[in-house]
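I have placed the structure first, in the form of structure tokens, so that the comments after it can refer back to it.
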Amino acid sequence: MHHKARTYAVAGLAVTLLLAGPPAVAAPAPSPGAPGIGDPFWPTAGNGGYRVERQRLSFDFAPDLSSYTATSRLSLRATQSLSRFDLDLLGPQVRSVAVEGKPAAWRTTPDGELVITPARPVRDGTRFTVAVTVFNTAPTFWRTHPKNPRTSSTVCGGPVTTSSSTPSPPARGACWR
């Protein structure tokens with residue numbers, strides 16, 4: 001009798017395990033994307049952990065063209081679960097960073113990396129957006145450049161932002177004085 005009960009218990013356990021299926025495999029924990037793609041000459045060029053699908057840039061120039069604020073909006077797809085990731089950025093001062101419309105922690109490095117830590121990790125395969133707003137001053141040569149529409153009476157190559165009292169910009173390649 002005791003042998004029969006043990007046989008039923010083992011058979012019951014086997015059926016339970018078969019119905020439950022294989023044990024769940026935990027997804028890898030989110031980790032930082034690589035700060036570069038491994039080029040021996042430019043070790044921090046490019047970044048790992050995501051693929052860029054689209055980039056849109058917008059600029060807002062000061063009236064005298066001496067400085068600008070720019071926003072880069074990136075559409076990305078994670079190629080691994082990311083706890084943080086890098087973008088290449090050297091020069092402008094970062095004003096804000098958002099991932100999926102939510103403010104993200106960020107820092108810059110001397111070698112031109114913008115290190116971003118989103119509020120929540122980004123899961124492998126997920127499409128996500130990043131918006132980075134920066135401020136920069138225009139190079140000195142542009143402030144006095146002869147084709148700068150704010151410092152010259154000749155404008156070539158249109159399009160140029162104009163007021164209603166200013167003639168329309170010339171066609172691409174044409175000039176007006």
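Coordinate-derived values only; no laboratory data. What you see is a predicted model; the values in this text were computed from it and never measured. Backbone-built Cβ (ideal geometry, glycine too); neighbour counts: all protein chains shown.
From the alpha carbon gyration tensor of segment 43-82, can you work out the equivalent ellipsoid semi-axes (sqrt of 5 times each eigenvalue) and give them in Å, largest to smallest? Walk me through the numbers before you get to the answer.
Details: eigenvalues 180, 31, 9 Å².
Those come to 30, 12, 7 Å.
What is the spin-label model distance, in nm, from ALA105 to LEU57 if the labels are put 7 Å beyond Cα along the C-beta direction?
Result: 3.0 nm between the two label points.
Sorted by average packing, counted as other Cβ atoms within 10 angstrom per residue and highest first, what order do 97-109, 52-64 take? Before the final figure, lay out each step's value.
Numbers: 97-109: 15.2, 52-64: 10.6.
Result, highest mean first: 97-109, 52-64.
Can you list residues whose amide H is under 5 Å from GLY33's amide H, if they're 5+ apart or on another chain and H is modeled 1.01 Å from N?
SER83, ARG84, PHE85, ASP86
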